[in-house]
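J.: Okay, handing you the structure first.
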Amino acid sequence: PRAGFFAAGEGWRGAIGHQILQGAVSDLFDWRADDYSGGSLVVGVLAAFSFRLLGPTLLALKLVPLAFSSIALLAWYVVLRREAGAVAARSFVVLFIASPPSWTFESMVAMGYHAQTVALSAVSLVLLLGYLRDPTRGSRPAVLGLLAGFGLWFNYSYGVVLLGFLRWLRNAACRAPRARHGRRADRRARLRRPGRIGRFGRTRPRGPPASR
């Protein structure tokens with residue numbers, strides 16, 4: 001249920017932020033709204049920073065989901081700009097900002113649920129594509145693994161995204177040997193062409209062998 005732009009359950013997240021400001025952090029992990037999800041606790045901790053800046057108001061609480069939406073928008077823009085071009089990235093920005101009212105409401109609810117998981121999924125995709133582009137950067141797999149663990153703890157819906165990433169990596173690993181085999185086959189075919197230098201330095205004749 002919701003009343004205007006405020007959903008039932010957001011007050012619990014705001015209460016977590018308020019208690020943190022009061023210094024009551026001894027039983028912090030017991031304040032989660034759901035036993036299966038840590039997103040409510042993350043939103044409450046972030047709300048404490050927002051409350052410290054603007055005071056314990058509804059506007060300050062709404063800045064938390066706004067930050068998640070901004071991160072998701074920026075990450076998806078980076079992905080589309082690299083993979084599909086500037087036109088696709090700008091079109092996505094327009095569609096994201098002018099989204100349907102139902103999605104706008106869900107993305108601005110400070111709950112720590114599926115809408116905030118979109119930001120974690122988008123950042124994970126940026127890291128994954130960066131690793132596939134340059135596997136020599138050793139820190140990206142570690143950061144991606146930490147983010148994946150945090151995403152599963154944040155909300156179980158991140159598991160669907162993680163399964164998709166694992167399937168993608170599996171397909172990429174299966175295609176790599178085929179690509180290497182294809183390059184070796186092309187190299188051997190070029191070496192067998194008439195007039196090319198053979199493997200052991202012998203020049204292959206350009207025409208048919210002379211008849212004896």
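Rule-based calculations on the coordinates, nothing more; no lab input. Predicted, not measured: the structure shown is a model, and the values here were computed from it. Please note: Cβ atoms are built from the backbone with ideal geometry, for glycine as well, and neighbour counts cover all protein chains shown.
J.: Which one of GLY39, LEU63, SER26 is farthest out on the positive end of the charge dipole of region 19-126, using unit charges on Cβ (Lys, Arg +1; Asp, Glu -1) and the Cα centre as origin?
T.: It is LEU63, whose Cα lies furthest towards the positive end.
J.: Going by average Cβ density within 10 Å per residue, which order do the peptides 42-55, 80-93 take, highest to lowest?
T.: Values: 42-55: 18.4, 80-93: 13.5.
Per-residue Cβ counts within 10 Å, averaged per peptide and sorted highest first, yield 42-55, 80-93.
J.: How big, in percent, is the set of alpha carbon pairs in region 1-126 lying more than 26 Å apart? Write out the running numbers ahead of the final one.
T.: Details: 2121 of 7875 pairs.
The calculated P(r) of region 1-126 puts 27 percent of pairs beyond 26 Å.
J.: What order do you get for 8-21, 107-120 when each peptide is scored by the mean count of other beta carbon atoms within 10 Å, highest first? Each step should come with its number before you reach the end.
T.: Values: 8-21: 18.5, 107-120: 22.8.
For the peptides 8-21, 107-120, the packing ranking is 107-120, 8-21.
J.: Sticking with this one: Using the per-residue mean of other Cβ atoms lying within 10 Å as a proxy for protection, in what order, highest first, do the peptides 35-41, 95-101, 164-170 fall? Intermediate values should be presented prior to the final figure.
T.: Values: 35-41: 17.7, 95-101: 10.1, 164-170: 12.3.
So the order, starting with the most tightly packed, is 35-41, 164-170, 95-101.
J.: Can you tell me the dipole magnitude for region 1-147 around its Cα centre, using point charges on the Cβ only (Lys, Arg +1; Asp, Glu -1), in Debye to the nearest 20?
T.: On the way: 11 positive and 8 negative charges, 114 e Å.
Result for region 1-147 is approximately 540 debye, rounded to the nearest 20.
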